[in-house]
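Enquirer: Before anything else, here's the structure in question.
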Amino acid sequence: MQRRAFTLIELLVVIAIIAILAAILFPVFAQAKQAAKTITCVSGVKQIGTSFQMYLADTEDSFPILHRPEAEAVNDATGELASGFWAPNGDAQIDYLKKHSIRATLDPYIKNADIWKCASDSSTDVKYKVSTFTTSYPYRFYMIFPLSPAGDGAGDQKGRIYNLSSFEKPANTWMFNEAIPFHDLRMQGGESAYAGGCYQPTAKNNLVFLDSHAKTMPVDKTLASYTDGQNRKCYDKNWPRNGWNAGTWPKEDTD
């Protein structure tokens, strides 16, 4: 008995159905994969927060600070290299990071270096390399200074080192955040949008707070904003939304 072969029309219909199903399912799979990465990165930054608490338990609640002589020797007087905002430019800075960065300070409590890299971050390598970031999660910028935010040691902030008692609402104050919203990188348009941090206000990144809870939040709720030359509202990854006030800082960061 002869079997009936598919006609050309039938084959085209089957191919069309498969194409439609693929168009529907592939974005769903991609979203599921991205959601899994987001969850993994939230877990990672939470572990960093837990390691920070362990460090505080060993230092009588005192936050890690910048090693000034060593920092100035490798042009890191602002602490942005040690905090994780800059990538090392040579062997001297790499050696400095291995000994004096915030990551190096917390590594004994973490054990697994891969925690420092978010799965969606292609710009970071946990192996110390020149011109490559060593963490996806910088330490909150001005907390690294044992002086006033302006760096001059003026007024009642002179010689101050942060500790948990410095904050009235630890659960509203973040300590580590993703350098950029890796999972939700929606820009406002324009060639300079990425370089200027001109994300959509609802673009979300992951953070860990002083009480060690981690969550995903919009950049407009967590980062300081400014208006660029194209009248766009952009965001500064170095600064929390509420910044500081010389008389009352540090402030809480979220509503």
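No value in this document is a laboratory result; all are computed from the given coordinates. Bear in mind that the values here come from a model prediction, so they are computed numbers and not experimental data. Note: ideal-geometry Cβ built from the backbone for every residue, glycine included; neighbour counts use all protein chains shown.
Enquirer: Note down the magnitude of the dipole of the stretch 28-240 about its Cα centre, charges +1 on Lys and Arg C-beta and -1 on Asp and Glu C-beta and zero elsewhere, to the nearest 20 debye. Can you show the working numbers first?
Expert: Numbers: 22 positive and 23 negative charges, 136 e Å.
Magnitude of the dipole: close to 660 debye.
Enquirer: Something else about it: Rounded, prolate or oblate for the stretch 94-137? Axes are the square roots of the Cα gyration tensor eigenvalues, ordered a ≥ b ≥ c, and the cut-off for rounded is a/c under 1.5.
Expert: oblate
Enquirer: Under the √(5λ) rule applied to the eigenvalues of the Cα gyration tensor, what semi-axes describe the equivalent ellipsoid of the stretch 28-240? Give them in Å, descending. It would help to have the intermediate numbers written out before the result.
Expert: On the way: eigenvalues 136, 82, 72 Å².
Result for the stretch 28-240: semi-axes of 26, 20, 19 Å.
Enquirer: Could you list which residues have their amide H under 5 Å from that of Cys118, counting only those 5 or more apart in sequence or on another chain, with H placed in the peptide plane?
Expert: Distant-sequence amide H within range of Cys118: Ser136.
Enquirer: Same structure, new question: Express as a percent, rounded to the nearest 5, the fraction of DSSP beta bridges in the stretch 28-240 (both residues included) that run antiparallel.
Expert: Working: 16 of 17 bridges.
The answer is about 95 percent antiparallel.
Enquirer: Then there's this: Per 10 Å bin from zero, what fraction in whole % of the C-alpha pairs of the stretch 160-207 is there, up to the bin with the longest pair?
Expert: For the stretch 160-207, the pair-distance distribution reads 23, 36, 23, 17, 2.
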